[in-house]
Amino acid sequence: MIALAVLAAGASRRFGSPKQLAVVDGETLLHRAARVANAWASRGDDRRAFVVLGAHLVDVDLEVVINPRWEEGIATSIHAAVRAAGDADALLITLADQPGVSADDLERITRIDAPVVAAAYAGTVGVPAMFHRSRFDSLLALRGDRGAKSLLTGAATVAIPAAAWDIDVKPA
């Protein structure tokens, strides 16, 4: 079984308002990410999707996992995702603020058999990324407001140019 975690627990300090609720093409980022996660999960019985929330609790059509330690940084949301994944064979992590990522993009990542698979875009690697359960301890060892980027060295990659569209700053 593959578990998909949409990380959306942050306070959006740089953005200036709840980024998860920003509207892109008539849909909030969080609802868009939930729709994509559900579309991916519906492609097989061996899939489960959920969202990790913390600073802003929102009604969304996706299983919700609460990160009560969200203020300590993204690592705690990753920890919450690993715990929620339970006995899954792999954990696929994506972000609510990458509106260009599609269910097809997520599918392409899950088709690669490797300990770590990451999206390649804009000259870098990043999320969405999938971690085999043998890497869960490494995810649980992350601390502070740093994501899993340090664990992507040597990862298998899938070209996902749309992942470069990351909403971090509210347009002026």
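Where a number appears in this text, it was derived from the coordinates with a stated rule and is not lab data. On a predicted model such as this, the values are computed, not experimentally measured, just so you know. Because the Cβ atoms are built from the backbone with ideal geometry, glycine has one as well, and the counts that use them run over all protein chains shown.
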Comparing Leu92, Leu62, Leu30 in a Gaussian network model of the chain (Cα, 10 Å), the one with the largest mean-square fluctuation is Leu62
Non-local residues with an amide H under 5 Å from the amide H of Leu92, with H modelled 1.01 Å from N and Pro and chain starts lacking one, are Ala3, Leu4, Ala5, Phe131
In the range 87-165, the trypsin sites (Lys or Arg not before Pro) that sit in a DSSP loop and have at most 15 other Cβ atoms within 10 Å of their own Cβ are Arg111, Arg143, Arg146
Treating only Lys and Arg (+1) and Asp and Glu (-1) as charged, each at its beta carbon, one finds that the chain has a dipole about its Cα centre, in Debye to the nearest 20, of 400
Extension length gain for Asp113 and Ser42 (0.36 nm per residue less Cα distance), in nm, is 23.5 nm
Phi-derived 3J(HN,Hα) across the range 64-73 with the Karplus relation (6.51, -1.76, 1.60, θ = phi - 60°), rounded Hz, x for Gly and Pro, is 10, 10, 8, 9, x, 9, 3, 5, 7, x
Between the residues Val125, Val65, Trp40, the Cα farthest towards the positive end of the dipole of the chain, that dipole coming from +1 and -1 charges on the beta-carbon of Lys, Arg, Asp and Glu, is from Val125
Taking Cα atoms only, Rg over Rh for the range 2-164 with Rh from the Kirkwood formula is 0.92
So, relative contact order of the chain in percent, Cα under 8 Å, 6 or more apart, is 27
Of all DSSP beta bridges having both residues in the chain, the percent classed as antiparallel (nearest 5) is 35
The answer for Val65, listing residues at least 5 apart or on another chain whose modeled amide H is closer than 5 Å to its amide H, is Val51, Val52, Leu53
With -39,500 (n - 2.57) per DSSP H segment of 4 or more residues and division by the full residue count of the chain, the 222 nm estimate, nearest 500 deg cm²/dmol, is -6500 deg cm²/dmol
In cubic angstrom per residue, the convex hull of the range 26-101 built on its Cα atoms measures 98
